[in-house]
1. Let me make sure I get this right: for the stretch 11-84, a, b and c are the square roots of the gyration tensor eigenvalues over alpha carbons, sorted descending. Under 1.5 in a/c it's rounded, otherwise prolate if a/b > b/c, else oblate. Which is it?
2. Label points 7 Å out from Cα along the Cβ direction at Val83 and Glu22: separation in nm?
3. For Leu118, which sequence-distant residues (separation of 5 or more, or a different chain) have an amide H within less than 5 Å of its own amide H, given hydrogens modelled in the peptide plane?
4. Which whole-number percentage describes the relative contact order of the chain, with Cα contacts under 8 Å and a sequence gap of 6 or more?
5. Considering the dipole of the chain built from charges on the beta carbon (Lys and Arg +1, Asp and Glu -1) around the Cα centre, which of Ala50, Val110, Ser32 is farthest to its positive end?
6. Roughly how big is the chain's charge dipole about its Cα centre, with Cβ charges of +1 (Lys, Arg) and -1 (Asp, Glu), in debye to the nearest 20?
7. Given only helices, namely DSSP H runs of n ≥ 4 each adding -39500 (n - 2.57), what is the per-residue ellipticity at 222 nm of the chain, to the nearest 500 deg cm²/dmol?
8. Within 10 Å of each candidate Cβ there may be at most 16 other Cβ atoms; applying that plus a DSSP loop requirement, which trypsin sites (Lys or Arg not before Pro) in the stretch 33-141 survive?
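Just so it is clear, none of the values below were taken in a lab; they were calculated from the coordinates. For clarity, every value in this text was computed on a predicted model and none was experimentally measured. FYI the Cβ positions are ideal-geometry reconstructions off the backbone, even for glycines, and counts take in every protein chain you see.
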Amino acid sequence: MRQDGNAVDWFLDRRIQEGRGERTAFTDPWRSISYADLALDCARFAGALAKAGIRRESRVALVMLDTVDFPIAFWGALRAGVVPVPINTLLTPESTEYILRDSRAQAVVVAEALAGSLPRIPGVRVIEAGGSAFAAFLASG
């Protein structure tokens, strides 16, 4: 177990060390993910953030639906030392834009189904979740 006090140690890594890695961690209508696979995908997400130039203590906004991709992005950001900023998907585009600007997010992970209504802000990298683009982003880490 990592000893730097990262919340991922407590909520995720501990489950694996206790021998529960193959247990289901999260499920959505399309798939489920074990603690072991979640840990692997979180590490990939963290690595991909680093390769994308998103550094520790930066912010990454999450405009995501309740799917397995959300905990991957949330816990993956924490694993990287990046601050995840979940944004309610029911907010107006204007409210979402305000939060994106106010949070100084360097990137936003957005559900594929919501990408069309996401306000685009220059300098904020957009990472689509829920499809091949997210799989490619994870693979880059």
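1. Working: a/c = 2.38, a/b = 1.43, b/c = 1.67.
The shape class here is oblate.
2. Once both label points are built, they end up 4.1 nm from each other.
3. Under 5 Å from the amide H of Leu118 lies no amide H from a residue far enough along the sequence or on another chain.
4. Across the chain, relative contact order equals 24 percent.
5. Result: Ala50.
6. I would put it at about 420 debye.
7. Working: 5 runs with 51 residues, N = 141.
The per-residue figure over the chain is -10500 deg cm²/dmol.
8. Details: sites: Arg44, Lys51, Arg55, Arg56, Arg59, Arg79, Arg101, Arg104, Arg120, Arg125; in loops: Arg55, Arg56, Arg104, Arg120.
Here the sparse-neighbourhood loop sites are Arg55, Arg56, Arg104, Arg120.
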